[in-house]
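> I have a structure I would like to understand better, so I am pasting it below and will then ask my questions one at a time.
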Amino acid sequence: MGLPHAPIFGTLRFAREDLVFKDVEFPAGAGVSGLHTAANFDPAFYDNPLEFDIHRYADGSRVPKPNHLSFGFGVPVCIGSYLARIELQVAFRLLAERVRELWIEARCGCHSPGS
């Protein structure tokens, strides 16, 4: 499960030397910001990234890509990501234990189960 939006907007870095990336020139000292949220919506990595699809991975035939940037990665990974993942596990377990029926009602006017 990945978060659609990163808890932080982006990460500011500075070019150490003049460089060109995808035909864009960055002079030495220029600020460059990686926008984490934008990366999580890259259609090169995610099918229909702007569409919320609760069934996207439900059939088990596909798994979420592990390279989402919601919590960063590598050495600068968000230290709170571990706590957030544990909190989600506990929250979903408690929700399943305490709620007898749970559904998502579509905006099309569909009715809930049993109604």
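The values are calculated or read from the model by the stated rules, or taken from the named source; none is laboratory data. Remember, it's a predicted structure, so these values are computed and weren't measured experimentally. Counting neighbours? That spans all protein chains shown, and the Cβs are built from the backbone with ideal geometry, glycine included.
> Do we have V32 as outside any helix (DSSP H, G or I), at pLDDT 80 or above and farther than 29 Å from W103 by Cβ here?
Criteria met by V32.
> Do we find that L69 is modelled with pLDDT under 70 and surrounded by 10 or more Cβ atoms within 10 Å (Cβ to Cβ) in this structure?
yes
> When you go through (1) modelled with pLDDT of 75 or more; (2) outside any loop (DSSP other than H, G, I, E, B); (3) closer than 25 Å to E87 by Cβ one by one for F41, which number turns out not to apply?
(2)
> Please work out which residue is surrounded by the most Cβ atoms within 10 Å (Cβ to Cβ), limiting yourself to the range 72-113 and to residues that are of a type in the set (D, E, K, R) and at pLDDT below 70.
So, considering only residues that are of a type in the set (D, E, K, R) and at pLDDT below 70, the one surrounded by the most Cβ atoms within 10 Å (Cβ to Cβ) is E105.
> Taking P27 as the residue in question, decide whether it is exposed (fewer than 10 other Cβ atoms within 10 Å of the Cβ) and not charged (D, E, K, R).
yes
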